[in-house]
1. I'd like to check something: does segment 16-23 contain any residue that is exposed (fewer than 14 other Cβ atoms within 10 Å of the Cβ), on the phi > 0 side of the Ramachandran plot and among the small types (Gly, Ala, Ser)?
2. Could you tell me whether segment 378-398 includes any residue that is within 27 Å of Gln155 (Cβ to Cβ), in contact with a Phe, Trp or Tyr (Cβ under 8 Å, 6 or more places away or on another chain) and modelled with pLDDT under 90?
3. How many of the residues in segment 171-190 are modelled with pLDDT under 95, under 20 Å from Tyr340 (Cβ atoms) and part of a helix (DSSP H, G or I)?
4. Condition check: surrounded by 20 or more Cβ atoms within 10 Å (Cβ to Cβ) and without any contact (Cβ under 8 Å) to a residue 40 or more places away in the chain. Does Ala294 satisfy that?
5. Taking segment 223-240 as the region of interest, how many residues are surrounded by fewer than 23 Cβ atoms within 10 Å (Cβ to Cβ) and under 33 Å from the mean Cα position of the chain (by Cα)?
6. Go over the candidates Arg186, Arg164, Arg178 one by one and state the one that is in contact (Cβ under 8 Å) with a residue 40 or more places away in the chain, basic (Lys, Arg) and farther than 20 Å from Arg316 by Cα.
7. Could you check segment 1-37 and list, in sequence order, the residues that are within 17 Å of Asp54 (Cβ to Cβ) and among the aliphatic types (A, V, I, L, M)?
8. Consider segment 1-50. How many of its residues are modelled with pLDDT under 85 and β-branched (Val, Ile, Thr)?
Amino acid sequence: MSLIVCVDDQAEVRRLLAEVFRARGREVASFDDGEDAIAWLRTGDAEMVVLDLDLGPGKRSGIEICKELRRAHPDLPIIILTGHGTIDDAVAAVKAGAVDFISKDPYLEDKLEISVEKVERILHHINERRRLEGENRELRATNERLRKMAGRRWQIVGDSTSIRHVMGKIERVAPVPRPVLVLGPRGTGKELVARAVHTLSPRAAEPFITINCAAVPESLLESELFGHEEGAFTGATKQKEGKFELADGGTLFLDEIGNMSLEFQAKILRVLEYQRFERVAGSESIQVNVRVIAATNTDLKVAIAAGAFRADLYDRLSFETINLPPLRDRMDDVPVLSAYFLALFRLEVAGITVRDIAPEAFDRLARYDFPGNVRELKNVVERAIYMAQGEMLTAADIEAALPPEAQENGMPPASAGGGAFVDDPGRALVERVEAFEAWLCKDALERTRFVQKEAAAMLGLSYDQFRQRYRKYGLGKE
């Protein structure tokens, strides 16, 4: 309940003030001396002060008490009462910081009612300002936390041993103008690593260009990377610069490089070796200065052994190899990652009520192995925040945001979604074999323009054997 401090040397006035304010649902603390009110307000909290102008012989005036209160409590509304006020007294009261100046007369109660309504409007604006200032302070604090968590470490959040090892490699290799190979399961942040290497390199002010090699059909990949001349093919209505030209002086990030055919790998190797290429249908040799960072979730050494990846390209790309661990191998980072995603989501989305994460919510996150790794953790945390009702994210909120299979049937096996990066060597071998069998089938399809009978013959399989694998690996032409 709101409390009002009333200061007057006349007992009957204090009683009248108490009756007026208690009728409005306020508590009242009454004093006959301004010094006592000042002392009480050092530890007490009041919504408003009603202060007599003349507090008696030998005592400081209400104007002087108002000035001291204003210094100590800048936002505290103060009303000054007087039995014989003048215009000069009113001006002095306003200069001292009073919000109103009221004469003690038979209409004092009505005047107080009007004045209190005005003060309530003032208080509403003060509280609204305080709320906005509090939100601004929180946003500034959030930005500072994000800066500390992500600014120096380029948005790679975590303090586990494996992540510190990754960061150490990034810092060492960034200044060296050589290719870098980033390996790891899906969702572990391979592009973040590539951006960090670029940011710390002397090329930081130059372009950082990315391309997902798996998302571009190989028939178009050459044009995307090297560009083309006008009329090079149907639809090529004008000359186009490729990614290598756009990245000149900077860094080119080749994501999912393991999806390239052997023939195209040879073209990439040539550009890496000589930093020269020709546009599609072009005759001019174009010289560039590009640092290449490549990434894949494929085990390239197994691919080399299977004849699906060029050993010389691997040697050229792997001046430094950075292996990103799956999230299940760095679960100590889940709390700081979750807090980071919460802070980002609050900045990005207005009206988010969640401000913190309960310890039991972290416990629930720790009992799921996140086959989609950090990307999946981010999605789960954001989904939980979006659905949550309170200010604290609970274990129940996390449970509701997890995939249905994690809720109903317990946690999926540790190898789910992890590709070749699994803890069980036997299972890893099976998955690797299947992954590259799928790759070989897909490669054969692409080479034969998706004629399945020819692809089967290329692989030494019967048509039925190839069809079985076609359905198993979902190799329908996209």
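The values are calculated or read from the model by the stated rules, or taken from the named source; none is laboratory data. Quantities reported herein were computed from a predicted structural model and do not represent experimental measurements. Don't worry about glycine lacking a Cβ; one is built from the backbone with ideal geometry, like all the others, and counts go over all protein chains shown.
1. No, every residue in segment 16-23 fails to be exposed (fewer than 14 other Cβ atoms within 10 Å of the Cβ), on the phi > 0 side of the Ramachandran plot and among the small types (Gly, Ala, Ser).
2. no
3. Qualifying residue count for the region: 0.
4. Here the answer is no, as Ala294 does not meet what is asked.
5. Count: 1.
6. Going through Arg186, Arg164, Arg178 in turn, the sole match is Arg186.
7. Residues satisfying the conditions are Val7, Ala11, Val13, Leu16, Leu17, Ala37.
8. Residues meeting the conditions: 1.
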